[in-house]
Amino acid sequence: MFFAIEIPSLRRFALSALSAMAVMGGAAQASTLRVSVTDVEGKPLSQAVVMLHPKSGKVQVQPMAPVEVSQKDRRFRPQVTLITVGTPVVFSNFDTVKHHVYSFSRAKAFELKLYSGVPDEGVEFDKPGVAIVGCNIHDAMASWIVVADTPMHAQTGNAGVARIDGVDPGDYRMWVWHPGLPALTDGLSSLISVGTSDLGQTVQLTLQRNPVISAAP
């Protein structure tokens, strides 16, 4: 009677332990991808976006909590915003003048007519792509909303490095974009293979315009 009770318990414990080890082993195989983005002179580029898509198949992505893009001193802040599909963006106006925020982009077309303060609702970006956002009153104002349809994405900081953790071994299409690229350029795409070790990549972009928009007078 003793063994009839204890052996199944030990067996269940052993199976649970094996399952946990298998999960840990799978997690240990995931790698970190670091992508250094520079201009043609080798200077690091901030505000660049890097995304990974599996060469075959697709990964699920979840919307993020609402993200704020503010208007202050007649500029959008931040200038480049990276979100996932389905994420709402709140365009808050903290200036003393009203703004007319709009976009005619394929990724999202919308219009917020003359207003100030914080809108009651955000604009939901429901398609992947890059939306260029402007102000119909102040032409010098510009912002870019980059909408990702993959959870494997990152944005470069001042050092020009984007880091993506938890990348499973396999073949991927890596997409790199920066607001300084020509307006009709859809970013730079290349194939990479990720193994069980961390991987570093360097991408050089040829910029044709200054992405830093000066504040309107």
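The values are calculated or read from the model by the stated rules, or taken from the named source; none is laboratory data. The shown structure was predicted, so the numbers you read here are calculated from the model rather than taken from an experiment. Reconstructed Cβ throughout: ideal geometry from the backbone, glycine too, with neighbour counts over all protein chains shown. Quick note on the areas: whole protein, heavy atoms, side chains included, nothing else; ligands and nucleic acids left out. Shrake-Rupley method; radii C 1.70, N 1.55, O 1.52, S 1.80 Å.
Matching residues to (1) at pLDDT 95 or above; (2) farther than 30 Å from LEU199 by Cβ; (3) not in a loop (DSSP other than H, G, I, E, B):
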site	(1), (2), (3)
MET51	yes, no, yes
VAL59	no, no, no
SER70	yes, yes, yes
PRO88	yes, yes, yes
ALA107	no, no, no
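I'd like to check something: does the range 164-179 contain any residue that is outside any strand (DSSP E or B), closer than 26 Å to PRO78 by Cβ and not hydroxyl-bearing (Ser, Thr, Tyr)? Write out each step before concluding.
First pass over the range 164-179, keeping only residues outside any strand (DSSP E or B): 168-169, 178-179.
From the residues that got through so far, the ones that are closer than 26 Å to PRO78 by Cβ too are 178-179.
From what's left, not hydroxyl-bearing (Ser, Thr, Tyr): 178-179.
Yes; the residues of the range 164-179 include at least one that is outside any strand (DSSP E or B), closer than 26 Å to PRO78 by Cβ and not hydroxyl-bearing (Ser, Thr, Tyr).
Residue-by-condition table, conditions (1) open to solvent by less than 80 Å² (accessible area, probe 1.4 Å); (2) polar (S, T, N, Q); (3) farther than 30 Å from GLU41 by Cβ:
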position: GLY86; (1), (2), (3): yes, no, yes
position: SER92; (1), (2), (3): yes, yes, yes
position: HIS100; (1), (2), (3): yes, no, yes
position: ASP120; (1), (2), (3): no, no, yes
position: TRP144; (1), (2), (3): yes, no, no
position: ILE164; (1), (2), (3): yes, no, no
position: SER190; (1), (2), (3): yes, yes, no
position: ASP198; (1), (2), (3): no, no, no
position: GLN201; (1), (2), (3): yes, yes, no
### Task
Kindly list the number of the only condition in (1) surrounded by 16 or more Cβ atoms within 10 Å (Cβ to Cβ); (2) not in a loop (DSSP other than H, G, I, E, B) that fails for GLN47.
(2)
### Message
Please go through the range 143-163 and give me each residue that is touching a Lys or Arg at 6+ places or on another chain (Cβ under 8 Å), among the β-branched types (Val, Ile, Thr) and closer than 23 Å to THR38 by Cβ, ordered by number.
### Response
VAL161
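Take the conditions outside any strand (DSSP E or B), open to solvent by less than 30 Å² (accessible area, probe 1.4 Å) and small (Gly, Ala, Ser) and apply them to GLY157. Does it pass?
Details: outside any strand (DSSP E or B): yes; open to solvent by less than 30 Å² (accessible area, probe 1.4 Å): no; small (Gly, Ala, Ser): yes.
Judged against the criteria, GLY157 is not a match.
Within the range 166-188, work out how many residues are of a type in the set (Ser, Thr, Tyr) and either open to solvent by 20 Å² or more (accessible area, probe 1.4 Å) or modelled with pLDDT under 95 (or both). Don't jump to the end; show me each part of the working.
Filtering the range 166-188 down to residues of a type in the set (Ser, Thr, Tyr) leaves 172, 185.
If we keep only those that are either open to solvent by 20 Å² or more (accessible area, probe 1.4 Å) or modelled with pLDDT under 95 (or both) as well, we get 185.
Qualifying residue count, the range 166-188: 1.
Yes/no matrix, rows are residues, columns are (1) farther than 22 Å from LEU207 by Cα; (2) in contact with a Phe, Trp or Tyr (Cβ under 9 Å, 6 or more places away or on another chain):
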{"site": "CYS135", "(1), (2)": "yes, yes"}
{"site": "ILE164", "(1), (2)": "yes, no"}
{"site": "TRP175", "(1), (2)": "no, no"}
{"site": "ALA183", "(1), (2)": "no, no"}
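Sort out which residues of the range 32-57 are closer than 13 Å to TYR172 by Cα and touching a residue at least 24 places away in the same chain (Cβ under 8 Å), and write them in order of number.
Going through the range 32-57, the residues closer than 13 Å to TYR172 by Cα turn out to be 33, 50-57.
Selection gives LEU33, VAL50, MET51, LEU52, HIS53, PRO54, LYS55, SER56.
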#### Entry: Residues of the range 109-137 that turn out to be over 26 Å from PRO182 (Cβ atoms), charged (D, E, K, R) and outside any loop (DSSP other than H, G, I, E, B), as a count
2
### Message
Condition first: open to solvent by 30 Å² or more (accessible area, probe 1.4 Å) and more than 22 Å from VAL59 (Cα to Cα). Now tell me which residues in the range 122-131 satisfy that.
### Response
GLY122
